[in-house]
Structure formats: C-alpha cells, structure tokens
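One structure is given below, encoded as structure tokens.
The values are calculated or read from the model by the stated rules, or taken from the named source; none is laboratory data. All values reported here derive from a predicted model rather than from experimental measurement. All Cβ positions, even for glycine, are placed from backbone atoms using ideal geometry, and neighbour counts span all protein chains on display. Each accessible area value is taken on the protein alone, full model and side chains, heavy atoms only, with ligands, DNA and RNA left out. Shrake-Rupley method; radii C 1.70, N 1.55, O 1.52, S 1.80 Å.
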Amino acid sequence: LCGTMHAAKEVGGDYYDFLPLGRSPAGHVDAWGPWMFIIADASGHGPSAAVVTAMLHAILHTWVWKDMRPDMILEFLNTKLFHRRIGNSFVTAFVAVYDPATRKLQYANAGHPPPIIKGTHDGAVLAFLDDVGGRPLGITSEVGTEVGTVELAFGQTLVLYTDGIVDARDPLGVEFGHQRIATSLADCNGLPDCVIESVTKSLQAHEAGRRPRDDQTLVAVYVKHA
C-alpha cells in the first residue's frame, strides 16, 4: 500500500484511508484478514473542503463493522453527511473491501473517478472499474450504488486517484486525462512506490511547472505473493 496527496492550498479536501476489518477472538487486529480502503474528494479546496473531509474521517471511524459491504459503508457515510447539511458541498468516494485469502475485491462508487487495474508484467492497463456507480455523498438521502466484484491476481496493482489528477491542465489547457495515467504506468513494475513516482513525474511534466488548481491524490494497492 502506498499513497500520496498534494494539496492545492495549505490544506486540502482529498482523503484516503486503510482499515483492517479482521479481528482475532481476543480482539486483536488480524493483518491477514479483510481490509477496507477508501479514497474521497470533497468539492472545492482549501479550509472548507478540509473541514468536510475531517468530518468524513470522524464518521468513518465510528462505523461498527457488522456489515462489510462497500455499498453499505457508503450509505452510512452519506446518511451522516446528508443530515449534517454540509451546504453546497459534496464528496465523491470509492470504497473497497479486499480479502487477501481469496484475493476478491468488492467495491462501490459514489461519483468518484474509476480506479485502474494494472497488469502483472507487461504494464498494460487491464481494466477501469467503472461498472458500478452512484451519487456523491451528501447530496441526497441515498447513494444508490451497486457492488462490483473482481478477483485480483498476484502482481496486479489497483491504482486510485482523485479528479485533481485527471483534470490537471498543461499550459495550453489540455487535461491530463485517464489515458495519460494509463500511459505513465506502462513502464512501471507495479510496485506502489513505482506507481506513485511514474504517475507523479508524468503529471508534473504535463503541468510544466504550473501550480495545481485542485488537490491531487494517488493511491496504489499491490497484490504481493504470499
């Protein structure tokens, strides 16, 4: 696991987190059990967006993990944010639950850019996880997302990002886009540090020294051999 966030201002509204879901009979964390991870982006940037993501973090860590379905996690977060009336703000989010024992990834999406699955050796992008989706958090009483499922293979990497990366522009106003993310991964071995470095270098070259207009977050989850 590896993640990085660059805020457009002093503080930002992007957020990512990893939480172990498994517990031993004594209540200790089971690192080999299921994990939940989330990437989210509050609308806008600066202090107001940072306040909303702080709320999101606090709400997430009050979740009682009786139901580990990612769509239920999103609905829980949405209910809390919706009733707190966060004004004109909203939050896009992608939540996944990964079980190392089966390598099964279950995921749900609330208006967030679709993550990428990178191949094992040839660098090819195998898929964008864009088959499910719902409304961003905090807008309506329900998100309405379905649950997607995929089995990851050893050596594959899941790449998550916020729209501050795909919407980044060069001096002529051309967006970085999803395809440039995929292209930047072509010569990368898939290890998390390599993913972060490859995409970041490509993004910085595209921006040509221009200051980002939005927060930029990138997360890599690598399926390592046992």
Quiz item: Taking the stretch 161-201 as the region of interest, how many residues are within 20 Å of residue 5 (Cβ to Cβ), touching a residue at least 24 places away in the same chain (Cβ under 8 Å) and part of a helix (DSSP H, G or I)?
Solution: 13
Quiz item: Say we look at the stretch 102-140 and pick out the residues that are in a strand (DSSP E or B) and free of Cβ contacts under 8 Å to residues at least 40 places away in the same chain; which of these is nearest to residue 225 (Cα to Cα)?
Solution: 126
Self-check item: Failed item, numbered, when residue 157 is tested on (1) of a type in the set (Ser, Thr, Tyr); (2) closer than 30 Å to residue 211 by Cα; (3) open to solvent by 10 Å² or more (accessible area, probe 1.4 Å); (4) under 16 Å from the mean Cα position of the chain (by Cα)
Solution: (3)
Self-check item: Selected residue (criterion: farthest from residue 33 (Cα to Cα)) from residues of the stretch 87-113 that are among the aliphatic types (A, V, I, L, M) and in contact with a strand residue (DSSP E or B) (Cβ under 8 Å, 6 or more places away or on another chain)
Solution: 91
Quiz prompt | Selection within the stretch 21-62 - surrounded by 15 or more Cβ atoms within 10 Å (Cβ to Cβ) and in a strand (DSSP E or B) | solution = 35, 36, 37, 38, 39, 40, 41, 42
Quiz item: Which members of the stretch 1-18 meet the condition of being open to solvent by 70 Å² or more (accessible area, probe 1.4 Å) and part of a loop (DSSP other than H, G, I, E, B)?
Solution: 1, 9, 10
Quiz item: What is the one condition in (1) modelled with pLDDT of 95 or more; (2) within 24 Å of residue 223 (Cα to Cα); (3) among the hydrophobic types (A, V, I, L, M, F, W, C); (4) touching a Lys or Arg at 6+ places or on another chain (Cβ under 9 Å) that residue 110 does not satisfy?
Solution: (2)
Practice problem: Output the number of the condition that residue 138 fails; it satisfies all remaining conditions of (1) crowded, with 18+ Cβ neighbours inside 10 Å; (2) more than 16 Å from residue 59 (Cβ to Cβ). | Solution: (2)
Self-check item: Options 92, 79: the member that is part of a strand (DSSP E or B) and either modelled with pLDDT of 90 or more or open to solvent by less than 60 Å² (accessible area, probe 1.4 Å) (or both)
Solution: 92
Self-check item: Every residue from the stretch 201-226 that is of a type outside the set (A, V, I, L, M, F, W, C), open to solvent by 20 Å² or more (accessible area, probe 1.4 Å) and out of contact with any Ser or Thr (no Cβ under 7 Å at 6 or more places or on another chain)
Solution: 201, 204, 206, 209, 210, 211, 212, 213, 214, 224, 225
Exercise. Hey, could you check the stretch 167-179 for residues that are under 18 Å from the mean Cα position of the chain (by Cα) and open to solvent by 30 Å² or more (accessible area, probe 1.4 Å) and say which is nearest to residue 96 (Cα to Cα)?
Key: 178
Self-check item: Answer from 143, 150 - the residue that is in a strand (DSSP E or B), touching a residue at least 24 places away in the same chain (Cβ under 8 Å), among the aliphatic types (A, V, I, L, M) and touching a strand residue (DSSP E or B) at 6+ places or on another chain (Cβ under 8 Å)
Solution: 150
Quiz prompt | Selection status of residue 130, within 14 Å of the chain's Cα centre (by Cα), more than 24 Å from residue 72 (Cβ to Cβ) and open to solvent by 10 Å² or more (accessible area, probe 1.4 Å) | solution = no
